[in-house]
Amino acid sequence: MSNTHLFYKNILPVNKQRHAEWSIVGSESFDFARGIHSAPLTAVEFPNAVKEFAVVFARAKEGILPLAIMGVRAGENLYVGADGKWQAEYIPAFVRRYPFVFSTDDEGKTLTLCLDEEFAGCRQNGEGERLFTPEGEASPYLKKVLEFLQEYQNHFRRTEIFGKKLEELELLEPMGAQFKTPDGREGTLSGFFVVNRERLKKLPADKLAELAQTDELEMIYLHLHSLNNLRKTISRAGTQPAAGNA
């Protein structure tokens, strides 16, 4: 499964034949995201995300993409409580769009709205928000979903350009942070990239000016400042059992 799907399990295109009687019941539970230790971000989310999460970069099939770190070990999200509630003020759009997602099989030229049919809020008894009207038209709810995902996709494309520029300017370096949780467990957080401050300072004036004009320089500094949030995430790890342990 693509890294852009993560917690999705059974993704199928939304259509009025198959889903004519389907509806969605909203939930405050984020149990579906309990097993992810990072979530993709779009650049427009940086100002809100950096208040709580460390924002780093990773290589995906789409290129270099930003991520919000949510755990220090694979398979654990330290921002989902035992009751399934989200334990942070900001929820990444990647998480908020669930159970819907766009899929493509032609390099992004055609986008198809899909639904994770294993989402606990799926209904076929009229309860919740219908996907289609009795006449077979997209419901107001489904139209709002489409608008949200289209906006997300637009921001995602801009973020891809941002990541490509960071790579072209050779500003990224591998991140390897050793940590020790308050309860004494040790580990290493790796597989991510961060901007090298010295390389950034050595950029020619015209390149810096270009980054400033596109607001990408601000995004870089927000990213660098956010790395201080790693301490908060590590401190959360000391209050929960390691992944796989009761």
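Computed quantities for the displayed model
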| quantity | calculated |
| --- | --- |
| Helices (runs of 4 or more DSSP H) wholly inside the range 186-243 that include at least 2 residues being modelled with pLDDT of 95 or more | 197-201, 205-213, 216-226 |
| Matching residues, the range 87-114, being in contact (Cβ under 8 Å) with a residue 40 or more places away in the chain and over 29 Å from Val55 (Cβ atoms) | Thr112 |
| Test for Ala60: is it open to solvent by less than 50 Å² (accessible area, probe 1.4 Å) and without any contact (Cβ under 8 Å) to a residue 60 or more places away in the chain | yes |
| Residue match in the range 215-235 (condition: touching a Gly at 6+ places or on another chain (Cβ under 7 Å) and surrounded by fewer than 16 Cβ atoms within 10 Å (Cβ to Cβ)) | no |
| Positions within the range 115-154 being in contact (Cβ under 8 Å) with a residue 60 or more places away in the chain and in a helix (DSSP H, G or I), in sequence order | Tyr141, Leu142, Tyr152 |
| Filter result for the condition that a residue is open to solvent by 70 Å² or more (accessible area, probe 1.4 Å), at pLDDT 95 or above and hydrophobic (A, V, I, L, M, F, W, C), over Val25, Val44 | Val44 |
| Residue satisfying condition, being exposed (fewer than 15 other Cβ atoms within 10 Å of the Cβ) and either of a type outside the set (D, E, K, R) or closer than 21 Å to Glu151 by Cα (or both), within set Lys85, Lys109, Lys51 | Lys109 |
| Cβ pairs under 8 Å, 6+ apart, first in the range 157-177 and at negative phi, second of a type in the set (D, E, K, R) and assigned to a helix (DSSP H, G or I) | Phe162/Glu216; Lys165/Glu216; Leu169/Arg199; Leu169/Lys207; Leu171/Arg199; Glu173/Arg199 |
| Criterion (crowded, with 16+ Cβ neighbours inside 10 Å, modelled with pLDDT under 95 and not aromatic (Phe, Trp, Tyr)) met by exactly one of His19, His37, His5 | His37 |
| Residue list for the range 164-180, filter: within 9 Å of Ile64 (Cβ to Cβ) and in a strand (DSSP E or B) | Leu172 |
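The values are calculated or read from the model by the stated rules, or taken from the named source; none is laboratory data. All of these numbers come straight from a predicted model, not from anything done at the bench. When we count neighbours, we look across all protein chains shown, and the Cβ atoms used for this are built from the backbone with ideal geometry, even at glycine. Accessible surface areas use protein heavy atoms only, side chains included; no ligands, DNA or RNA. Shrake-Rupley method; radii C 1.70, N 1.55, O 1.52, S 1.80 Å.
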